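Working notes for the structure below.
The values are calculated or read from the model by the stated rules, or taken from the named source; none is laboratory data. All values reported here derive from a predicted model rather than from experimental measurement. Neighbour counts run over all protein chains shown; Cβ positions are idealised from the backbone, glycine included.
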Amino acid sequence: MALDGIAIANITHELESLLANGRLYKIAQPEPDELLLTIKNNKSQYRLTISANAGLPLIYLTDSNKTSPLVAPNFCMLLRKHLGNARIISVSQAGLERVIDFSFEHLDEMGDLCRKHLIVELMGKHSNIIFTTEDNVIIDSIKHVSAQISSVREVLPGRSYFIPDTMDKANPLELDFDAFTKHVLSKALKSSKALYTGLTGISPVIAEEICYRAGIESDQPAGTLSSDEQHRLFDNVNAIMELVKHNTFTPHIIYNGRKPVEFASIPLTIYESGDNTYRIEQCDSASSMLFAFYAQKNAQTRIHQRSVDMRKIVNTLLERNYRKLDIQEKQLKDTEKREKFRIYGELLNTYGYNIPEGSRSFETVNYYTGENVTIPLDATLTARENSVRYFDRYNKLKRTFEATSKLVEETQAEIDHLESILTSLDIAVGEEDLVQLKEEMIESGYIHRKGPAGKKVRITSSPFHYISSDGFDMYVGKNNIQNEELSFRLAGNSDWWFHAKKIPGSHVIVKTNGKDLPDRTYEEAARLAAYYSKGREQDKVEVDYTLRRNLKKPAGSKPGFVIYHTNYSMVADTDITGIQQA
């Protein structure tokens, strides 16, 4: 779900209680649409991430830092100029809008005390971070919106700032029954949709929750509700708004298995069924809720964006190789009749002495199978000449088969390598992982190195490191280069190696230190191999495992490619919840 007005009210209350009267210590802009503010208050230091990403707008407190560009963007420099060491007067929300207003107090160039506003709009593709004067005149914004982009509101320096009201929604914090009737009950829509299209800050899931609490079917048209049902719906809206007014928030995440499906700052009783399908996990704060639900997804989204060019190259090469393999396999299929031509030639040599001149066919017994066979003949040629002709066709097809088989093998190896790179792009978690993947693609000849010839970039990416429940170190390669290093440098002969069966994936090495592995460690290592593979979206994946001493690397093979002839197999879950990461 997206951030709604209630979740924004929760995070606003949290930020107001922690940051009000604090000093803005540092301002950074690690991404084109993201700010990282460091605030000191009450002898504590807080880092606030504000993202206006169109696909995933976010705001939350975090303990982690991010690397900033060497040259700060203009918007960041402007904020540093005006708000360096400024004091946060207040953090507020306009009604139940998805807008947070940070009010700052600072000294201007003349030493006079003045106020500015940093307004964060978390509105999907319209998200923005806008810096204004006390009189709501826009000084600048992280995204400029001209009249060519929006006919509703320009977001440009010098323009007046206002929150556009394009949906004619009512503020549920100031709602009476007449306004509720006008904005919700009069709509020719199902009840849940009438709620979230008629009231500000109400998301579809909260609308479903209100209907559930009122004992009303959410798809029942609002206009057909009885008087009693109308008042029950209204009363439940007010009951939730009372929680918001009194800041009585209970941030939590709803999980289906290991996957988070929803989050909310008020109890979602709609998920409190007795069948144990969903698990509700309470969070300490709105920030921890948003971080747990969205932060990993946000990081993956940004890594995916930065790897778009690499993905495009890999996908283009894959499509080309898929087409090439299809042609080669058709050519290979055409050579299947080569043995038939060889047999025809042998039978003509053996029995063709009595074939009448000018015959167009010859029927005889195939001494390999004992069955009758009819051999087509060229009437203008002798039996001997027909035999030579069939042997020529056999030899030609045999040469084609041998050459094409080798080409098919090479093309399939190329496809496997490209698919493994694509899988590595999916599991990359940081910029350093993309750097190493790019280096692998350069070494494989898929892309050209820019800059001085032969100069390699510094690689800082390292494998994932997990600790099994029994205390054994488990390492997972993020790409083919790391897979090779793990399997042939880090691993000893008595260590165990795991890999998803017949699909691209990471090498998983378990260091035994000369000890026998407990069954639980085998299972956890297999789960890691299943999760860090092309089959990670499946519930189960078959995993091969063997001692490192059984691995062989063919000469001239691609990075990370190994063969083995002695192994065990198990079907492993792709859920790695509970496995401790070092």
Report summary line: From the option list A379, A383, single residue qualifying as at pLDDT below 95, small (G, A, S) and exposed (fewer than 15 other Cβ atoms within 10 Å of the Cβ) is A379
Report summary line: For region 125-139 the number of residues that are within 21 Å of M77 (Cβ to Cβ) and either of a type in the set (S, T, Y) or surrounded by fewer than 19 Cβ atoms within 10 Å (Cβ to Cβ) (or both) is 4
Report task. State whether the residues of region 74-90 include one that is surrounded by fewer than 20 Cβ atoms within 10 Å (Cβ to Cβ) and touching a Gly at 6+ places or on another chain (Cβ under 8 Å). Result -> yes
Query raised in the report: Of everything in region 414-429 that's buried (at least 16 other Cβ atoms within 10 Å of the Cβ) and farther than 12 Å from P504 by Cβ, which residue is modelled with the lowest pLDDT?
Result: A428
Requested in this report: Filter region 233-263 down to the residues that are basic (K, R) and modelled with pLDDT under 90, then identify the one that is surrounded by the fewest Cβ atoms within 10 Å (Cβ to Cβ).
Outcome: K259
Query - Boolean, I266 is at pLDDT 80 or above, under 23 Å from T574 (Cβ atoms), buried (at least 19 other Cβ atoms within 10 Å of the Cβ) and among the hydrophobic types (A, V, I, L, M, F, W, C) - result: no
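Considering only residues that are farther than 30 Å from D334 by Cα and of a type in the set (A, V, I, L, M, F, W, C), which ones fall in region 408-441?
Here is the first cut: in region 408-441, the residues farther than 30 Å from D334 by Cα are 420-441.
Residues satisfying the conditions are I421, L422, L425, I427, A428, V429, L434, V435, L437, M441.
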Query raised in the report: For residues in region 378-407 being without any contact (Cβ under 8 Å) to a residue 24 or more places away in the chain and not in a helix (DSSP H, G or I), which is nearest to Q328 (Cα to Cα)?
Result: D378
Query raised in the report: Consider D178 against the criteria (1) in contact with an Asp or Glu (Cβ under 9 Å, 6 or more places away or on another chain); (2) part of a helix (DSSP H, G or I); (3) exposed (fewer than 14 other Cβ atoms within 10 Å of the Cβ): it satisfies all of them except one. Which criterion is unmet?
Result: (1)
Query raised in the report: Does region 210-221 contain any residue that is out of contact with any helix residue (DSSP H, G or I) (no Cβ under 8 Å at 6 or more places or on another chain) and not in a helix (DSSP H, G or I)?
Result: no
Requested in this report: Determine whether I253 is in a loop (DSSP other than H, G, I, E, B), of a type in the set (A, V, I, L, M, F, W, C) and over 21 Å from N171 (Cα atoms).
Outcome: no
Requested in this report: Go through the residues of region 122-135 one by one and say whether even a single one is outside the structural domain of I240 (by TED's automatic domain parsing), assigned to a loop (DSSP other than H, G, I, E, B), free of Cβ contacts under 8 Å to residues at least 12 places away in the same chain and more than 24 Å from I59 (Cα to Cα).
Outcome: yes
Query - Residues located in region 331-376, provided they are closer than 22 Å to N395 by Cα, over 60 Å from the mean Cα position of the chain (by Cα), at pLDDT below 90 and not in a helix (DSSP H, G or I) - result: Y367
Query raised in the report: Residues in region 151-170: is at least one hydrophobic (A, V, I, L, M, F, W, C) and either in the same structural domain as R98 (by TED's automatic domain parsing) or in contact with a Leu (Cβ under 9 Å, 6 or more places away or on another chain) (or both)?
Result: yes
Requested in this report: Would you mind finding the one in T512, T577, T566 that is surrounded by 12 or more Cβ atoms within 10 Å (Cβ to Cβ), among the polar types (S, T, N, Q) and in the same structural domain as Q482 (by TED's automatic domain parsing)?
Outcome: T512
Query raised in the report: Restricted to region 512-530, and to residues that are outside any helix (DSSP H, G or I) and not β-branched (V, I, T), which residue is farthest from I579 (Cα to Cα)?
Result: G514
Report summary line: Every listed condition ((1) touching a Pro at 6+ places or on another chain (Cβ under 9 Å); (2) not in a strand (DSSP E or B)) holds for I509 save (2)
Requested in this report: Scan region 7-33 for residues that are out of contact with any Cys (no Cβ under 8 Å at 6 or more places or on another chain), in a strand (DSSP E or B) and either free of Cβ contacts under 8 Å to residues at least 60 places away in the same chain or assigned by TED's automatic domain parsing to the domain that holds T248 (or both) and jot them down.
Outcome: K26, P30
Query raised in the report: Inside region 307-334, can you point out the residues that are loosely packed, with under 12 Cβ neighbours inside 10 Å and either in contact (Cβ under 8 Å) with a residue 12 or more places away in the chain or among the β-branched types (V, I, T) (or both)?
Result: V308
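Would a scan of region 471-483 turn up a residue that is surrounded by fewer than 21 Cβ atoms within 10 Å (Cβ to Cβ) and either in a loop (DSSP other than H, G, I, E, B) or among the basic types (K, R) (or both)?
Yes, region 471-483 has at least one match.
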Query raised in the report: Would a scan of region 63-72 turn up a residue that is small (G, A, S) and more than 30 Å from S285 (Cα to Cα)?
Result: yes
Report task. Inspect region 527-543 for any residue being over 19 Å from E419 (Cα atoms), over 21 Å from the mean Cα position of the chain (by Cα) and touching a residue at least 40 places away in the same chain (Cβ under 8 Å) and give the result as yes or no. Result -> no
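When you scan region 164-175, how many residues do you find that are in a loop (DSSP other than H, G, I, E, B) and out of contact with any strand residue (DSSP E or B) (no Cβ under 7 Å at 6 or more places or on another chain)?
Residues meeting the conditions: 7.
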Query raised in the report: Looking at region 542-582, which of the residues that are within 15 Å of E524 (Cβ to Cβ) and in a loop (DSSP other than H, G, I, E, B) is modelled with the lowest pLDDT?
Result: T577
**Report entry** The listed residue being among the acidic types (D, E) and touching a strand residue (DSSP E or B) at 6+ places or on another chain (Cβ under 9 Å), out of E357, E371, E410, E419
**Finding:** E371
Query raised in the report: If you go through region 269-276 one residue at a time, do you hit one that is of a type in the set (S, T, Y), within 30 Å of L425 (Cα to Cα) and either in a helix (DSSP H, G or I) or at pLDDT below 90 (or both)?
Result: no
Query raised in the report: When both residues are 6+ apart or on different chains and their Cβ atoms are under 7 Å apart, which pairs have a first residue that lies in region 238-262 and is without any contact (Cβ under 8 Å) to a residue 24 or more places away in the chain, and a second that is of a type in the set (S, T, Y) and assigned to a loop (DSSP other than H, G, I, E, B)?
Result: N256/T277; N256/Y278
